[in-house]
Amino acid sequence: MPKNSPEFVFFLEALETFENLLHAETQAIAAKHLDTIEEIIERKDANLRALLDAKERIGINPRSVSEADALVDQVLDLQEKNVESFRRLFEKQFKLNQGKESAEKPIDRKLRKAYLTAGDGRLPELEG
C-alpha cells in the first residue's frame, strides 16, 4: 500500500495525534495535574485503539516508511520519558502520603529559615 493512500495518511494522522497527546501528558505531569493526566490517558487509550486499527488496515510495517519510522521512534521515546516522569511523581506523592518526605515548598523553606532560625546573628542591630 503506498504511503499516500488514505489508509496510510490516516495512520500518520493518528500517530501524530498520539504524539500530541504525549506532549500534553508531559506538561500535565510536570504541572502535577492528576485529573488532567487521567483525562489524557483516557484519550491516549482511545487514540491507541484507532492507531492499531489503522496499522492493521495499511497492511505493511509502518517502519518500512522513513517518515512513519521516525515518528514511531519519537512517540516511543516520549512515552518512555513520560512513564519515567510519572513514576517519579507517583513515588514522590506516595512518600508524601506516607510522611517520609516534607511537602515544604522551596519558598516556604527559605521563609522558614529566614524568619525562624534562632541565634544566627542576623540583623544584630535589631536585637534587644
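Structure above, values below:
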{"item": "Pick from the stretch 1-11, criterion in contact (Cβ under 8 Å) with a residue 12 or more places away in the chain and in a helix (DSSP H, G or I), ranking: nearest to E84 (Cα to Cα)", "result": "F11"}
{"item": "Selection count where residues are closer than 19 Å to Q74 by Cα and loosely packed, with under 13 Cβ neighbours inside 10 Å, scope the stretch 31-50", "result": "2"}
{"item": "Matching residues in the stretch 51-71 - criterion: being surrounded by 16 or more Cβ atoms within 10 Å (Cβ to Cβ) and assigned to a helix (DSSP H, G or I)", "result": "L51, A54, K55, I58, P62, A68, L71"}
{"item": "Subset of the stretch 12-33 [in a helix (DSSP H, G or I), within 11 Å of the chain's Cα centre (by Cα) and either under 17 Å from Q93 (Cβ atoms) or among the aromatic types (F, W, Y) (or both)]", "result": "E25, A28, I29, A30, A31"}
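Computed from the coordinates by the stated procedures, all read-outs in this text should not be read as laboratory data. Only a predicted model underlies this, so the values are computations on that prediction, with no experimental measurement involved. All Cβ positions, glycine included, derive from the backbone under ideal geometry; neighbour counts span all protein chains shown.
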